[in-house]
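The values are calculated or read from the model by the stated rules, or taken from the named source; none is laboratory data. Worth saying up front: this structure is predicted, and the values here are computed from it rather than measured. Methodologically, a virtual Cβ is constructed for each residue, glycine included, from the backbone with ideal geometry; neighbour enumeration extends over all protein chains shown.
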Amino acid sequence: MLSIAKYPRWRASDSFEGLRPQMFRYAQQDTFILEFSIVKGYILQGIKRLFAPQPIEIFTRQNARREGGSSKTLVLFDFDGTLTTDDSFIRFLWFTLGFTGLLKATLALFWRFIRLFISGNFSAGAAKAAVLASCFAGKSRAKMETLGVEFCRSELPRFLRPEVLEWLKVYKTEGAQVALVSASPDIWLRPFCEGEALTMICTELAYSNGIFTGDLAAPNCKGEEKARRIRAAFELNDFERIIAFGNSSGDYAMFSIAHEAWLCDRHGKFQRFHP
């Protein structure tokens, strides 16, 4: 604001010529302060807009019913943390082995992990194979399938998200192709996908002469492997719309091939994902 008080008072005895330079100097100072205040205001508004909370789009049942689907729509669901509230791998180990069995497996697993670290081959896939080998190597395919069916029937429903399962069914009813894309093993995902009539893309176990070898049949289905396996299973150009649901960075590669992606937070809310 321009300040009148600081301008020198003019008396009749004063010369206009002597007063003019001093008044011009004060006017220049006030003009600069005024312009700086305007610029500062624009800058502060820009900063507020940049850091202000943006409207968040939440996926709900109404979204699924409104958007529906068609044979030209492909819907991809992650499993752990997306369709479920808990990690199915840990729950399966506890369900099949119990405390005593897990304790024995942990002792054997310790040395497997040491060897992986020493060899420099430690990874999420190698760790998963080591756990499965310590717990189930040598068991028949029939026994593994039985364990998977029992887990799927009696334990899995305890930690499924019913609302997400409903979205999945809505998409199927509307004619969309729906696939489950997960890093979890096929032991319990196969009976689940067969029961829901879903395409299964997941980590698969290796068998030799009907016996589990302790290895994975293909790389761990996570990250870029998810995207690679999806492309191998579907001709993506045949779909007008691809929708993906996930809950972690392991799903970002899957999101990258979708037209629309939804990320589940720890509270079970799905927010539209923007890379």
Self-check item: Those residues of the stretch 110-140 which are hydroxyl-bearing (Ser, Thr, Tyr) and within 29 Å of the chain's Cα centre (by Cα), in sequence order
Solution: Ser123
Quiz item: Does Leu205 count as closer than 20 Å to Phe89 by Cβ, crowded, with 18+ Cβ neighbours inside 10 Å, at pLDDT 95 or above and under 15 Å from the mean Cα position of the chain (by Cα)?
Solution: no
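Residues are listed down the side, and each one gets a yes or a no for (1) of a type in the set (A, V, I, L, M); (2) in a loop (DSSP other than H, G, I, E, B); (3) in contact (Cβ under 8 Å) with a residue 40 or more places away in the chain:
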| site | (1), (2), (3) |
| --- | --- |
| Lys169 | no, no, no |
| Gly175 | no, yes, yes |
| Ala232 | yes, no, no |
| Phe255 | no, no, no |
Exercise. State which residue pairs qualify: first residue touching a residue at least 40 places away in the same chain (Cβ under 8 Å) and farther than 25 Å from Ser154 by Cα and inside the stretch 195-213, second residue aromatic (Phe, Trp, Tyr) and surrounded by 15 or more Cβ atoms within 10 Å (Cβ to Cβ) in any location, beta carbons under 7 Å apart, and separation of 6 or more residues or different chains.
Key: Thr213/Tyr207
Quiz item: How many of the residues making up the stretch 94-136 are assigned to a loop (DSSP other than H, G, I, E, B) and more than 21 Å from Lys222 (Cβ to Cβ)?
Solution: 0
Quiz item: Within the stretch 205-220, is there a residue that is part of a loop (DSSP other than H, G, I, E, B), farther than 30 Å from Glu235 by Cα and either assigned by TED's automatic domain parsing to the domain that holds Phe92 or of a type in the set (A, V, I, L, M) (or both)?
Solution: yes
Practice problem: Note down all Cβ pairs under 7 Å where the first residue falls in the stretch 138-160 and is closer than 21 Å to Ala105 by Cβ, the second is loosely packed, with under 13 Cβ neighbours inside 10 Å, and they're at least six residues apart or on different chains. | Solution: Ser140/Gly210; Arg141/Gly210
Practice problem: Could you grab me the full set of residues in the stretch 77-101 that are surrounded by 16 or more Cβ atoms within 10 Å (Cβ to Cβ), among the β-branched types (Val, Ile, Thr) and within 19 Å of Leu180 (Cβ to Cβ)? | Solution: Thr82, Thr84
Quiz item: What are the pairs, 6+ residues apart or on separate chains, where a residue within the stretch 258-275 that is assigned by TED's automatic domain parsing to the domain that holds Ile242 has its Cβ under 6 Å from a residue that is among the hydroxyl-bearing types (Ser, Thr, Tyr) and surrounded by 14 or more Cβ atoms within 10 Å (Cβ to Cβ)?
Solution: Cys264/Thr82
Quiz item: List the pairs whose first member sits in the stretch 97-120 and is assigned by TED's automatic domain parsing to the domain that holds Lys143, whose second member is polar (S, T, N, Q) and surrounded by 11 or more Cβ atoms within 10 Å (Cβ to Cβ), and whose Cβ atoms are under 7 Å apart, counting only residues at least 6 apart or on separate chains?
Solution: Ala105/Ser134; Ala108/Ser134; Leu109/Ser134; Arg112/Ser134
